[in-house]
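Below is one structure, written out as structure tokens; comments come after it.
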Amino acid sequence: MLYCSQRTRKLESLRIIDEVRALKINQLGKTLLLISVFSLLIFSGCTAKKMVLPSGSEVEGDKLTITLEENPTTGYVWTLKMGTENIVSLESDEYIPIQTSENVVGSGGNHVWNFNGVSKGETVLTFKYYRPWEKEDSAIETRIFTVTVSENGEIASVVSGS
């Protein structure tokens, strides 16, 4: 997602030209200054605003994917508890085994959850890795993701709390 358009660049260029014209330096100095400034504008270009994401998460617009390693052959599975409702919606919840040769027993895979941003706000997604027949507090790992959704439904940030 770019936060700098051609129009923004043009307006910035015009502002710089006006400021240079106002300076009391000779024509050669003004020309060199303008060349330097425009070189910076051209070669720096627009930069994409990069969201720093916690391990196991991916964001593309209004889509959030959480991927956690899982090995259900051990009895351990990830469970999800969603915080505030109607901020994100769960679109899919799937275990994907890793590809192995036919004779491998007990190999793990990835558990993948896909969410869509729904409405502006913040919610907490809590994932616990435990055996379903044991108590939830027996979890051997907990991952917490705080998700912020902007007004247009896009995922604005994802922060890991644990």
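Taken together, the values in this text are just the output of simple stated rules run on the coordinates, not laboratory data. Because the structure is predicted, anything quoted here is derived from the model rather than measured. Cβ sites come from the backbone with ideal geometry, for glycine too, and all protein chains shown count toward neighbours.
The table that follows gives values for the structure above.
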read-out: Members of region 92-115 that are touching a residue at least 24 places away in the same chain (Cβ under 8 Å) and of a type outside the set (Ser, Thr, Tyr); value: Val105, Gly106, Gly108, Gly109, Asn110, His111, Val112, Trp113, Asn114, Phe115
read-out: Extreme residue, surrounded by the most Cβ atoms within 10 Å (Cβ to Cβ), among residues of region 122-136 that are of a type outside the set (Ser, Thr, Tyr) and either on the phi > 0 side of the Ramachandran plot or within 29 Å of the chain's Cα centre (by Cα) (or both); value: Leu125
